[in-house]
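Novice: Shown below is the structure under consideration.
The values are calculated or read from the model by the stated rules, or taken from the named source; none is laboratory data. If you're wondering where the values come from, they're calculated on a predicted model, not measured in any experiment. Cβ placement follows ideal geometry from the backbone for every residue including glycine, while neighbour counts extend to all protein chains displayed.
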Amino acid sequence: MYKGILEGIFESNGVRTEAEKIAYLQGLKPDMNKLFDAFRSNAIKVDYGNENIQSCYLIRYFPIYTQPIIDVMKKIKEGGRMIRMSSADLVRLVFIGPGPCPEVVGLLTIINSYKKNINYEICLIDKYIDSWGYSRAIAYDKLILAIPDSGNIALETCEDDFMDANFYSRHLDKFGNSDIVVFQFCLNETQPNRYQDVITNLAKIVAGLKDDRMLVIIERLGYDAMVNLIKNLEKYVVEKDIAEVLFSIDHQAYEPQYHDIVNDIPSVITDNLLDGVGWSNANGRIPSRKVSYRFSAIKKKKAVE
């Protein structure tokens, strides 16, 4: 994965020689510090329009962030509860707040491991959809299109804010035709005065799904307000008999270790970008090998005839 990421970053920035690559990576250190510090705060404020920040995100966070959705879908499948597809060879997916799309890479990878040559219709909805264009193009060209055994991948982008009271109504057709809707690591940006709007939008998304389709929400630990928000959503859809909660956000936290991914970081990165930029690790170089999160999987019930 790092090979594709570095190829995309260097090509996009006209970086060709080994000396230029080293200089470019060393020049990212201040931006890497800014991104790392921003993600350590509960009040996340990041200049997503800064392409250097996006390069840092691709290098430090993207590979690890492809994994939670893979783990979640494995747990759902192990429980015998996989979703229905739009057809034998088509899956329709909606991702909210995907940024440069690590969860897209993850979900397509796990689906393709179960069934080959699937075609995808994918809708990305993000408040900063245009700002993320630089890194999303790298992810699409170098990673998404390189996923083995994929069929055709059609990608649509929409700029919108899931906290807006009218969010659902603007995309009801997309949600109504989707097989899986994914929120990964984005609900934490919900402002306190918008909690009710977000819960309402999420409830409408679930209610608008076709039978046996699914909403998956994955959120990092440390955002208790989001846990309570999702618990309220789960309670509502169960009480209204709209959906079944396959996995509750109240379930145990997951803290998987991704040693293979971190150990695969090329030396050109660890030697020139991750060395001495302030990580909590003992040697100050290597990003964390684990992602701590909770998730909720909600499946739309079949209508009673």
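Novice: Hey, among the residues in segment 49-58 that are in contact (Cβ under 8 Å) with a residue 24 or more places away in the chain and in contact with a helix residue (DSSP H, G or I) (Cβ under 7 Å, 6 or more places away or on another chain), which one's surrounded by the fewest Cβ atoms within 10 Å (Cβ to Cβ)? Reasoning before the result, please.
Specialist: Let us first name the residues in segment 49-58 that are in contact (Cβ under 8 Å) with a residue 24 or more places away in the chain, namely 49, 51-52, 54-58.
Going one step further and asking which of them are in contact with a helix residue (DSSP H, G or I) (Cβ under 7 Å, 6 or more places away or on another chain), we end up with 51-52, 54-58.
On the way: 51: 16, 52: 19, 54: 27, 55: 28, 56: 26, 57: 23, 58: 27.
My answer is 51.
Novice: Let me ask something else about it. Look through 96, 129, 144 and report the one residue that is without any contact (Cβ under 8 Å) to a residue 40 or more places away in the chain, buried (at least 17 other Cβ atoms within 10 Å of the Cβ) and within 30 Å of residue 13 (Cα to Cα). Before the answer, list the steps.
Specialist: Values: 96 fails: without any contact (Cβ under 8 Å) to a residue 40 or more places away in the chain; 144 fails: without any contact (Cβ under 8 Å) to a residue 40 or more places away in the chain.
Being without any contact (Cβ under 8 Å) to a residue 40 or more places away in the chain, buried (at least 17 other Cβ atoms within 10 Å of the Cβ) and within 30 Å of residue 13 (Cα to Cα) holds for just one of 96, 129, 144, which is 129.
Novice: Determine which member of the set 253, 225 is surrounded by fewer than 17 Cβ atoms within 10 Å (Cβ to Cβ), of a type in the set (Gly, Ala, Ser) and more than 21 Å from residue 290 (Cα to Cα).
Specialist: Values: 253 fails: more than 21 Å from residue 290 (Cα to Cα).
Exactly one residue qualifies, and that residue is 225.
Novice: In segment 147-171, how many are under 17 Å from the mean Cα position of the chain (by Cα) and without any contact (Cβ under 8 Å) to a residue 40 or more places away in the chain? Walk me through it before giving the result.
Specialist: Residues of segment 147-171 that are under 17 Å from the mean Cα position of the chain (by Cα), as a first pass: 147, 155-162.
Filter again for without any contact (Cβ under 8 Å) to a residue 40 or more places away in the chain, leaving 155-161.
Selection size over segment 147-171: 7.
Novice: While we're on this one: Pick from segment 145-188 the residues that are in a helix (DSSP H, G or I) and touching a helix residue (DSSP H, G or I) at 6+ places or on another chain (Cβ under 6 Å): which of them is farthest from residue 126 (Cα to Cα)?
Specialist: Going residue by residue through segment 145-188, those that are in a helix (DSSP H, G or I) are 167-170, 172-177, 187-188.
From what's left, touching a helix residue (DSSP H, G or I) at 6+ places or on another chain (Cβ under 6 Å): 167-168, 172, 175-176, 187-188.
Values: 167: 11, 168: 13, 172: 15, 175: 14, 176: 18, 187: 12, 188: 14 Å.
Only one residue tops the list, namely 176.
Novice: On to the next question. Checking residue 12 against (1) surrounded by 14 or more Cβ atoms within 10 Å (Cβ to Cβ); (2) closer than 23 Å to residue 249 by Cα, which single condition isn't satisfied?
Specialist: Of the numbered conditions (1) surrounded by 14 or more Cβ atoms within 10 Å (Cβ to Cβ); (2) closer than 23 Å to residue 249 by Cα, the odd one out for residue 12 is (2).
Novice: If you don't mind, another one. Does any residue in segment 226-250 that is in a helix (DSSP H, G or I) and at pLDDT below 95 come within less than 6 Å, Cβ to Cβ, of a residue that is buried (at least 21 other Cβ atoms within 10 Å of the Cβ) and among the aliphatic types (A, V, I, L, M) six or more places away or on a different chain, and which pairs are these?
Specialist: Close Cβ pairs (under 6 Å, with a partner that is buried (at least 21 other Cβ atoms within 10 Å of the Cβ) and among the aliphatic types (A, V, I, L, M)) amount to 226/187; 227/249.
Novice: Name the single residue that is nearest to residue 289 (Cα to Cα) among those in segment 65-124 being among the polar types (S, T, N, Q) and touching a strand residue (DSSP E or B) at 6+ places or on another chain (Cβ under 7 Å).
Specialist: Initial filter on segment 65-124 (among the polar types (S, T, N, Q)): 66-67, 86-87, 109, 112-113, 117, 119.
Going one step further and asking which of them are touching a strand residue (DSSP E or B) at 6+ places or on another chain (Cβ under 7 Å), we end up with 86, 112, 117, 119.
Details: 86: 36, 112: 25, 117: 32, 119: 32 Å.
Within segment 65-124, the match that is nearest to residue 289 (Cα to Cα) is 112.
Novice: Name every residue in segment 112-137 that is over 17 Å from residue 164 (Cβ atoms) and among the aromatic types (Phe, Trp, Tyr), in order of residue number.
Specialist: Within segment 112-137, 114, 120, 132, 134 qualify.
Novice: Taking residue 178 as meeting all but one of (1) in contact with a Cys (Cβ under 9 Å, 6 or more places away or on another chain); (2) surrounded by fewer than 17 Cβ atoms within 10 Å (Cβ to Cβ), write down the number of the exception.
Specialist: (2)
Novice: Look through segment 107-119, keep the residues that are surrounded by fewer than 24 Cβ atoms within 10 Å (Cβ to Cβ) and not β-branched (Val, Ile, Thr), and return whichever of them is modelled with the highest pLDDT.
Specialist: So, considering only residues that are surrounded by fewer than 24 Cβ atoms within 10 Å (Cβ to Cβ) and not β-branched (Val, Ile, Thr), the one modelled with the highest pLDDT is 119.
Novice: Has segment 59-67 got at least one residue that is of a type outside the set (Ser, Thr, Tyr) and either surrounded by fewer than 18 Cβ atoms within 10 Å (Cβ to Cβ) or more than 22 Å from residue 111 (Cα to Cα) (or both)?
Specialist: Yes, the conditions are met somewhere in segment 59-67.
Novice: From the list 203, 243, 207, 253, which one is among the aliphatic types (A, V, I, L, M), within 30 Å of residue 59 (Cβ to Cβ) and over 17 Å from the mean Cα position of the chain (by Cα)?
Specialist: Step by step, each of 203, 243, 207, 253 is checked, and only 253 is among the aliphatic types (A, V, I, L, M), within 30 Å of residue 59 (Cβ to Cβ) and over 17 Å from the mean Cα position of the chain (by Cα).
Novice: Another one. Name, by its number, the condition in (1) on the phi < 0 side of the Ramachandran plot; (2) surrounded by 15 or more Cβ atoms within 10 Å (Cβ to Cβ) that does not hold for residue 173.
Specialist: The number of the failed condition is (2).
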